[in-house]
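A short worksheet on the structure shown next.
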Amino acid sequence: MTGLGATMVRAGKRLLSSLPALFGVLVFTFLLMRVLPGDPAVFFASGPNAGKEEIEQIRKQMGLDKSVPEQLVFYLSDIGRGNLGRSMMTGQPVLKDLRERLPASLELTFTALLIALIAAVPLGVVAALRPGSIVDHGVRLFCALGVCVPTFVSGLLLIYVFYYLLGLAPDPTGRIDVFTSLPPQRTGFLSIDFLLAGDFEGWWAACKQLILPAVSMALFVIAPLARITRASMLVSLGSDFVRTARSVGLSWRKVVVTYALRNAILPVITIAGIVFSTMLGANVLVEKVFSWPGVASYALDALLSSDYAPVQGFVLLMASLFVLVNLVVDICYGIADPRVSIE
């Protein structure tokens, strides 16, 4: 079997081993939603003054008239058929709502992670090259501030400075301003769809809307990425192969970039995957501050209104993405270091 074929077989085994965990997430989320206070039928029946017949009709429509074990069996049966239920907020199938909103969350998260990596890796390398110096202490202080300041606070500060004071940023009201026409949807990523449509003005408008929320998210995750880069670089720089490379007369730049950084980047790949999975589910505050129509804000609205199906669909989506991202990280880890097995 070729290397690619063996990798695919091992990846399939990893996916199969993750199915029990996904099943546990399904059952736990289902039971958790049923023990939360509040009756969703009363909420969607126009408040507590609604008639009993109207409430019972909605309870039947939502399947709440059955016992909890019966509801669980029907829910798992629907999941097996690819049916995540219908949202009472939007009146649409949850799968359709998630499919429409997921590209917005992915575009924001990918951009924020890219910004964080571009900033964190050089900061970690510079801090490792001069440990104990003022540069090292400055990087540590910056990382500490990034962790201590919540994302919604940094988002509000960015809006106040760049939109209110300087007027450099557009209105924080979603993915695109009201004066820009949407491009034909191909990928769901507006920045890519505008480029594919050849609309560079629309592309720049979408990028301007994306910069502030992405930077707000990136500031919070720069710290773990920079710290792991610094720690990994310190270990690499003190290793035998770096001392050997320096002893044979290689340039310091080549030693740092080709040898030390290449070995130090492996833990960064792992942390980047964990950070990405966390950002997808934890960016709800950023989405709310910037009115970003993503899946996290959609799940929060559903949770506040006791709309079970969207919350359960969101948790299942996040669990599936977490498994997929971890699998991709393992594969990338094996590519970066062939000595590492995906198993």
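The values are calculated or read from the model by the stated rules, or taken from the named source; none is laboratory data. The structure displayed is predicted, hence computed values, not measured ones. Cβ placement follows ideal geometry from the backbone for every residue including glycine, while neighbour counts extend to all protein chains displayed. Side chains are part of the model used for accessible areas, which takes the heavy atoms of the whole protein and leaves out ligands, DNA and RNA. Shrake-Rupley method; radii C 1.70, N 1.55, O 1.52, S 1.80 Å.
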- Please specify each residue of region 153-192 satisfying the condition of being open to solvent by 90 Å² or more (accessible area, probe 1.4 Å) and within 23 Å of the chain's Cα centre (by Cα). LEU156, LEU157, GLN185, ARG186
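Residue by residue, here is whether (1) in contact with a helix residue (DSSP H, G or I) (Cβ under 8 Å, 6 or more places away or on another chain); (2) modelled with pLDDT of 90 or more; (3) not polar (S, T, N, Q) holds:
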position	(1), (2), (3)
ALA169	yes, no, yes
THR173	no, no, no
ALA218	yes, yes, yes
ARG227	yes, no, yes
SER232	yes, no, no
- Query: Among the residues of region 100-114, which ones are surrounded by 19 or more Cβ atoms within 10 Å (Cβ to Cβ) and farther than 18 Å from ARG186 by Cα?
  - Reply: THR109, THR111, ALA112, LEU113
- Note on the structure: Among (1) open to solvent by less than 40 Å² (accessible area, probe 1.4 Å); (2) touching a helix residue (DSSP H, G or I) at 6+ places or on another chain (Cβ under 6 Å); (3) of a type outside the set (Phe, Trp, Tyr); (4) not assigned by the TED database to the domain that holds ILE271, LEU195 falls short only on (1)
- Failed item, numbered, when ALA144 is tested on (1) small (Gly, Ala, Ser); (2) at pLDDT 90 or above; (3) exposed (fewer than 13 other Cβ atoms within 10 Å of the Cβ): (2)
- Set VAL255, VAL242, VAL248: member being free of Cβ contacts under 8 Å to residues at least 24 places away in the same chain and in contact with a Lys or Arg (Cβ under 7 Å, 6 or more places away or on another chain): VAL255
- Give me a count of the residues in region 273-296 that are under 18 Å from VAL153 (Cβ atoms) and aliphatic (A, V, I, L, M). 7
- Item | Matching residues in region 281-296 - criterion: being closer than 11 Å to THR109 by Cβ and surrounded by fewer than 24 Cβ atoms within 10 Å (Cβ to Cβ) | GLY281, ALA282
